[in-house]
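The values are calculated or read from the model by the stated rules, or taken from the named source; none is laboratory data. Just so we're clear, the structure is a prediction, and the values are computed from it rather than from any experiment. Please note: Cβ atoms are built from the backbone with ideal geometry, for glycine as well, and neighbour counts cover all protein chains shown. The accessibility values were calculated without ligands, DNA or RNA, using every heavy atom of the protein model including side chains. Shrake-Rupley method; radii C 1.70, N 1.55, O 1.52, S 1.80 Å.
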Amino acid sequence: MKIRKLQRDEMPPYDLLLLADPSRELVETYITEGECYVAEDNDDIIGVFVIVPLTKETVEIKNIAVSEDRQGQGIGKKLLQEAIGVSKSNGYDNIEIGTGNSSIGQLALYQKCGFRIAGVIKDFFIQHYDEIIMENGILCKDMIRLRLEIQ
Ligand SMILES: CC(C)(COP(=O)(O)OP(=O)(O)OC[C@H]1O[C@@H](n2cnc3c(N)ncnc32)[C@H](O)[C@@H]1OP(=O)(O)O)[C@@H](O)C(=O)NCCC(=O)NCCS
């Protein structure tokens with residue numbers, strides 16, 4: 001598997017990006033503000049992440065996704081480690097990531113990679129998404145913000 005930056009003239013993998021974020025409008029906004037990286041295996045794109053600068057010191061991983069048929073094989077963890085490495089070499093001090101209160105697996109993954117809960121944006125998903133999001137039998141209402149200090 002190879003992880004590389006998507007070139008400006010390449011089509012972003014929307015099928016994967018929309019797995020992590022059902023709002024095409026929000027995805028289109030942040031992919032123009034940040035850098036999109038893809039994981040390729042035999043010329044198939046099987047993973048993606050997008051890093052967006054928030055401040056001079058902090059970046060946010062806005063989207064991270066692995067093809068459904070390749071999930072649970074350690075690819076998400078590799079993508080997250082690559083995102084941390086890229087942000088570190090670009091001189092950032094912190095990485096943030098936001099996920100839903102119902103995203104149990106994602107909360108596990110981020111904490112296993114060293115991220116710590118830094119805050120909660122109450123009702124974020126109720127206010128910013130038209131459709132109801134249910135995961136693990138839990139209504140997704142709040143955004144849990146996690147942060148990793150990298151320097
Ligand atoms: C989230 C996602 C990127 C993770 O990728 P993945 O390749 O399936 O994840 P990995 O196989 O690398 O596993 C990640 C770790 O999380 C752990 N994990 C996942 N669910 C867990 C749970 N419910 N409880 C405890 N640990 C869990 C795994 O055990 C693994 O840890 P380990 O390496 O110590 O065993 C992937 O599932 C995905 O694309 N989901 C849909 C899109 C999405 O929701 N993106 C995030 C938006 S915030």
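Pairs, please: C-beta under 9 Å, at least 6 apart or cross-chain, first residue within 14 Å of residue 99 (Cα to Cα) and in segment 122-136, second loosely packed, with under 12 Cβ neighbours inside 10 Å and among the β-branched types (Val, Ile, Thr)?
125/132; 126/132
Just to be sure I understand, how many residues within segment 75-107 are open to solvent by 40 Å² or more (accessible area, probe 1.4 Å), near the ligand (Cβ under 9 Å from one of its atoms) and either over 14 Å from the mean Cα position of the chain (by Cα) or within 24 Å of residue 55 (Cβ to Cβ) (or both)?
Adding up the residues that qualify gives 2.
When you go through (1) out of contact with any strand residue (DSSP E or B) (no Cβ under 7 Å at 6 or more places or on another chain); (2) in contact (Cβ under 8 Å) with a residue 24 or more places away in the chain one by one for residue 50, which number turns out not to apply?
Of (1) out of contact with any strand residue (DSSP E or B) (no Cβ under 7 Å at 6 or more places or on another chain); (2) in contact (Cβ under 8 Å) with a residue 24 or more places away in the chain, only one is false for residue 50: (1).
Does segment 5-17 contain any residue that is within 12 Å of the ligand (Cβ to nearest atom) and free of Cβ contacts under 8 Å to residues at least 24 places away in the same chain?
yes
If you go through segment 18-47, how many residues are free of Cβ contacts under 8 Å to residues at least 60 places away in the same chain and either of a type in the set (A, V, I, L, M) or open to solvent by 60 Å² or more (accessible area, probe 1.4 Å) (or both)?
Total satisfying the criteria: 19.
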